[in-house]
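What follows is a single structure, written as structure tokens, with notes after it.
The values are calculated or read from the model by the stated rules, or taken from the named source; none is laboratory data. Quantities reported herein were computed from a predicted structural model and do not represent experimental measurements. Cβ atoms come from the backbone with ideal geometry, glycine included; neighbour counts cover every protein chain shown.
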Amino acid sequence: MSTIIDDLLGSAFPTSPAAARFLRGGRDKVTADLRQPASPNAVLRRRRIWDIHDNFHCSIVGTCLSTAEARKILVHLRVKDAETQSDHEIHNRVVILARQPQNGGKFLQKALDRRHETTIRHFAKAKDADAVEALWQSALKHGDISGAYWAVLTHPLASEALIKKAFSDIHMLSHLVGAANRADIRRLRQMEDENAALVAKLERQQHQIRNGFIERDNMIEKLRQALTQAVENDRANAASPQQEVSVAWTQMIASLKRSLDKETTRRARLEQRLAALTHTQAHSERARRDAESRSEQLDAELSALEARIELVFDPNDADPNNRLDLRGVTVLYVGGRTGQVPRLKMLVQRVKGRLLHHDGGLDDNTALLPGLISQSDVIVFPVDCVSHGAVASVKRLSQQLAKRYVPLRTSSLSCLFSTLCRLTSERSPDATPSPVG
């Protein structure tokens, strides 16, 4: 355990020499508790939150407990000003409670166990450290982070390496929002390059078709001139025998007919090709307009993110108008990708909101939608990752319950963040209310 304390706490929490001695003493206590051999007849029990080192409490409270639940715990314990304090102050107070089993720590332990009871029972089936690690990897894959993190840190068989890995995985989740934005911008650049290539190809093909028509018209004109010349020659040679004249006319007519048939066939092929290219050009033009529209939307989202992302998550910013604050708004997210749901919840919770999720009927019963919509202030759904039936149900139920719904362009974190920024500005006292839908 000394390795994980030295690596994680030493890098994540730089300390003074005095504080280092304090942390080293706490580290030795935790290491001794975890390494103390159990007697053969002893029953392994889960760790309590006050048994875990203090520097893990922040990640436990922030990941495994929502801000609303943390505030509810302080209100139940009758902590002064618990209902009016900021989310950051609530977080700090709950972290302090975790160290004190007699002054609220036991109640916090029960709240966490009750919230993640199903996951804890699932992890309790693990018989060794490898089984616990396999369950943690499965939870990461399916996006069930909060309950699994609490189950791993309190599991009696969790190894030092697994605890270190779980702590590191939770830390890296905060870097995914920027990665999602970069992926959207990269896809836009690729679409712009493909559109430019299609436009250049269309111009080349149109040039070839124009040249073909010109060549065809020139050939027809030559044939007409040849026919006129043949007629004039025939008149000039009127004294020739009748049989020779008839043979010459027959040969000339046959030759002209073959040339005319050939040019008619060629013209039909060119007209078909022109129709196909005209259709391709119209499709390319629509694709170009769609790409331009998407580019404008992405530029707007990127501008909103660049303008507010640092201010939103900067705890040192004293101006509350610069902070994105949903003020307890409950958002229902219908559809999307299951693996992204935990990150979406973390984003909404960071801006003082609450996120409910329904997968649109894949695993969740559609009969749950009316109850979820009635609990929500606004309903959102990504149009690129939701069924038509779910969208129809959301629109119908939202109109019946007088709830606002907002379609999202994609299921990315950046798209949801941009929409939250717009909703926050609309909910400000100076903003004009928007109609439902």
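Collect the residues in region 387-408 that are touching a residue at least 40 places away in the same chain (Cβ under 8 Å), buried (at least 19 other Cβ atoms within 10 Å of the Cβ) and of a type outside the set (Gly, Ala, Ser), keeping them in residue-number order.
VAL394
Among the listed residues THR118, THR154, which satisfies the condition of being surrounded by fewer than 14 Cβ atoms within 10 Å (Cβ to Cβ) and of a type in the set (Val, Ile, Thr)? Steps first, please.
Details: THR154 fails: surrounded by fewer than 14 Cβ atoms within 10 Å (Cβ to Cβ).
After ruling out the rest, the residue left standing is THR118.
When you go through (1) under 25 Å from THR63 (Cβ atoms); (2) at pLDDT 90 or above; (3) part of a helix (DSSP H, G or I) one by one for VAL391, which number turns out not to apply?
(1)
Do you know which residues across region 356-386 are of a type in the set (A, V, I, L, M) and within 23 Å of SER138 (Cα to Cα)? It would help to see each step written out before you state the result.
In the first step, residues of region 356-386 are kept if they are of a type in the set (A, V, I, L, M); the result is 356, 362, 367-369, 372-373, 378-380, 383, 386.
Passing the criteria: LEU356, LEU362.
Does GLU133 satisfy being charged (D, E, K, R) and surrounded by fewer than 16 Cβ atoms within 10 Å (Cβ to Cβ)? Steps first, answer last, please.
Numbers: charged (D, E, K, R): yes; surrounded by fewer than 16 Cβ atoms within 10 Å (Cβ to Cβ): no.
So GLU133 does not fit the description; no.
Are there any pairs, at least 6 apart or on different chains, whose C-beta atoms fall under 8 Å, with the first in region 117-140 and more than 16 Å from LYS164 (Cα to Cα) and the second among the acidic types (Asp, Glu), and if so, which?
Cβ pairs passing all conditions: THR119/ASP144; ILE120/ASP113.
Are there helices (runs of 4 or more DSSP H) fully within region 1-114 with at least 3 residues that are closer than 20 Å to LEU162 by Cβ and either modelled with pLDDT of 50 or more or assigned by TED's automatic domain parsing to the domain that holds LEU162 (or both)? List them. Show your work before the answer.
Numbers: elements: 17-35, 57-64, 67-76, 87-97.
Of the helices (runs of 4 or more DSSP H) lying wholly inside region 1-114, those with at least 3 residues that are closer than 20 Å to LEU162 by Cβ and either modelled with pLDDT of 50 or more or assigned by TED's automatic domain parsing to the domain that holds LEU162 (or both) span 17-35, 57-64.
Looking at region 145-158, which of its residues are part of a loop (DSSP other than H, G, I, E, B) and either farther than 15 Å from PHE56 by Cα or without any contact (Cβ under 8 Å) to a residue 12 or more places away in the chain (or both)? Walk me through how you get there before you give the answer.
Kept after step one, since they are part of a loop (DSSP other than H, G, I, E, B), are these residues of region 145-158: 155-158.
Matches in region 145-158: PRO156, LEU157.
Determine, yes or no, whether ALA291 is surrounded by 15 or more Cβ atoms within 10 Å (Cβ to Cβ), assigned by TED's automatic domain parsing to the domain that holds GLY212 and at pLDDT below 75. Show your work before the answer.
Details: surrounded by 15 or more Cβ atoms within 10 Å (Cβ to Cβ): yes; assigned by TED's automatic domain parsing to the domain that holds GLY212: yes; at pLDDT below 75: no.
Against the criterion (surrounded by 15 or more Cβ atoms within 10 Å (Cβ to Cβ), assigned by TED's automatic domain parsing to the domain that holds GLY212 and at pLDDT below 75), ALA291 does not qualify.
Which count do you get for residues in region 394-428 that are over 12 Å from GLY335 (Cβ atoms), assigned to a helix (DSSP H, G or I) and modelled with pLDDT of 90 or more?
Residues flagged as over 12 Å from GLY335 (Cβ atoms), assigned to a helix (DSSP H, G or I) and modelled with pLDDT of 90 or more within region 394-428 amount to 6.
What single numbered condition from (1) closer than 30 Å to GLN190 by Cα; (2) modelled with pLDDT under 80 fails to hold for ALA275?
Tallying (1) closer than 30 Å to GLN190 by Cα; (2) modelled with pLDDT under 80, ALA275 fails exactly one: (2).
Condition first: closer than 16 Å to ARG71 by Cα and polar (S, T, N, Q). Now tell me which residues in region 104-128 satisfy that.
Within region 104-128, GLN109 is the sole residue that qualifies.
Mind checking which residues of region 327-386 are under 19 Å from the mean Cα position of the chain (by Cα), in a loop (DSSP other than H, G, I, E, B) and touching a residue at least 40 places away in the same chain (Cβ under 8 Å)?
GLY335, GLY336, ARG337, VAL351, GLY353, CYS385, VAL386
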